[in-house]
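Below is one structure, written out as C-alpha cells, with a few remarks after it.
The values are calculated or read from the model by the stated rules, or taken from the named source; none is laboratory data. Bear in mind that the values here come from a model prediction, so they are computed numbers and not experimental data. Methodologically, a virtual Cβ is constructed for each residue, glycine included, from the backbone with ideal geometry; neighbour enumeration extends over all protein chains shown. The protein model used for the area step is the full one, side chains on, heavy atoms only, and it has no ligands, DNA or RNA in it. Shrake-Rupley method; radii C 1.70, N 1.55, O 1.52, S 1.80 Å.
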Amino acid sequence: MTDELIRPADLELADALSAVVRTLEPEPDVGQTVGNIVAAVAATVPGTEDAGVSLLDSGALRTVAPSSERVARLDELQHELGEGPCVDAVFAGTVYRTGDIRADDRWPKFGAAAAELGISSMLAIRLFTGKTLLGALNLFSSEPDAFDESAVHVGSLFAAHAAVALAGSRAQEQLRSALETRDVISMAKGILMERHRVTDDQAFTLLVRASQNSNRKLHDVADWLVRGTNNAVTGSD
C-alpha cells in the first residue's frame, strides 16, 4: 500500500488500537482479563455506553465482568431466551448489529425486553481464535443507530486482539488449576501412604474408589482429605 492510500484517520486508529491492545496482557485470572477488555472496549468503540462479554463454557454462555447491572441482566435474558445478537454471534455468524432492537424481528422476545431496559442499539462480535470459540463481545447503547460501520470495524479489530488475550488467560488459568489439582492429589496420596502404610499406586486406587463411591470428583475427595488432615493438626474446625 502506498503512502497516498493510507489516510490520517487510519493511522490514528492504528495508534489508538495499538495503545489499547497493550493493556490486554493476559492475566492468570480470566475475570480480570475480561474486566480489562470490557473497560477498554467501552472507551474505544464509538457509540458504546455499556459492554460485556459472554463466555462459552461447556456449550453454555455465562456473563463475565459486565460494565453494569443492566448489562448483566441483558446478557442473562439472551442466555435464558436463547435469542439475541450475542447468541447469534456465538452460534450463527460473527457480527450482529441492530439500531432499533424493539423493531428487529430477528429477536422479538429479547428485543422487547431490551427496549424495556432502555436499550436501542446493540453490536455483538464473536470472540474466537484459529482454534477456539470463546464467546461474544456485546456492546450496548440507549441511542438508536449508535453503531455505524466505523464501530463495526473498530470493534472487530478490537475483538480479534481481545480474543487472543482471553485465550492466553484461559490457558494460564487451566494450567494453574491443573498444577493445583496435581499437588492436592499428591498430598492426599502422601497422607494415605503414611496413614495406611500403602504404596503410591494403592493410595491412588483408594482415592479413586472414594471418588466413585461418593460420586464426587477426584480432586474434591483429595482436597477434603488434605483439609481434614490439616485441620486436625492445627486444631481448626
Starting from residues that are of a type in the set (A, V, I, L, M) and touching a Gly at 6+ places or on another chain (Cβ under 9 Å), keep the ones in the range 80-96 and report whichever is farthest from LEU133 (Cα to Cα). VAL95
Among the residues of the range 189-220, write down those that are under 29 Å from GLY135 (Cβ atoms) and either open to solvent by less than 100 Å² (accessible area, probe 1.4 Å) or small (Gly, Ala, Ser) (or both). LEU218, HIS219, ASP220
Scanning the range 84-114 residue by residue, the ones that are acidic (Asp, Glu) and within 19 Å of the chain's Cα centre (by Cα) total 1
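So if I check each of SER142, SER186, SER177, SER156, which one is more than 18 Å from the chain's Cα centre (by Cα), within 21 Å of ALA65 (Cβ to Cβ), open to solvent by 20 Å² or more (accessible area, probe 1.4 Å) and of a type in the set (S, T, N, Q)?
After applying the criteria, what remains is SER142.
Scan the range 74-101 for residues that are of a type in the set (D, E, K, R), surrounded by 15 or more Cβ atoms within 10 Å (Cβ to Cβ) and not in a loop (DSSP other than H, G, I, E, B) and report the count.
So the first thing to find is which residues in the range 74-101 are of a type in the set (D, E, K, R), and the list is 75-76, 80, 83, 88, 97, 100.
Checking which are surrounded by 15 or more Cβ atoms within 10 Å (Cβ to Cβ) leaves us with 75-76, 83, 88, 97.
Filter again for not in a loop (DSSP other than H, G, I, E, B), leaving 75-76, 88, 97.
Total satisfying the criteria: 4.
What about SER169, is it in contact with a Lys or Arg (Cβ under 9 Å, 6 or more places away or on another chain), of a type in the set (Ser, Thr, Tyr), closer than 30 Å to ASP50 by Cα and surrounded by 17 or more Cβ atoms within 10 Å (Cβ to Cβ)? Walk me through how you get there before you give the answer.
Details: in contact with a Lys or Arg (Cβ under 9 Å, 6 or more places away or on another chain): no; of a type in the set (Ser, Thr, Tyr): yes; closer than 30 Å to ASP50 by Cα: yes; surrounded by 17 or more Cβ atoms within 10 Å (Cβ to Cβ): yes.
So SER169 does not fit the description; no.
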So, LEU117, is that one under 18 Å from the mean Cα position of the chain (by Cα) and in contact (Cβ under 8 Å) with a residue 12 or more places away in the chain or not? no
For SER169, indicate whether it is small (Gly, Ala, Ser) and modelled with pLDDT of 85 or more. no
Being among the hydrophobic types (A, V, I, L, M, F, W, C) and open to solvent by 40 Å² or more (accessible area, probe 1.4 Å) is the filter; apply it to the range 221-237 and report the residue that is modelled with the highest pLDDT. TRP224
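Would you mind finding the one in VAL71, VAL53, VAL41 that is touching a residue at least 60 places away in the same chain (Cβ under 8 Å), open to solvent by less than 20 Å² (accessible area, probe 1.4 Å), under 16 Å from LEU123 (Cα atoms) and assigned to a strand (DSSP E or B)?
Selected residue: VAL53, the only one of VAL71, VAL53, VAL41 that is touching a residue at least 60 places away in the same chain (Cβ under 8 Å), open to solvent by less than 20 Å² (accessible area, probe 1.4 Å), under 16 Å from LEU123 (Cα atoms) and assigned to a strand (DSSP E or B).
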Flagged in the range 182-227 as touching a residue at least 12 places away in the same chain (Cβ under 8 Å) and of a type in the set (Asp, Glu), in numbering order, are ASP223
Give the residue that is farthest from LEU225 (Cα to Cα), with candidates limited to residues of the range 148-181 that are of a type in the set (S, T, N, Q) and in contact (Cβ under 8 Å) with a residue 24 or more places away in the chain. SER150
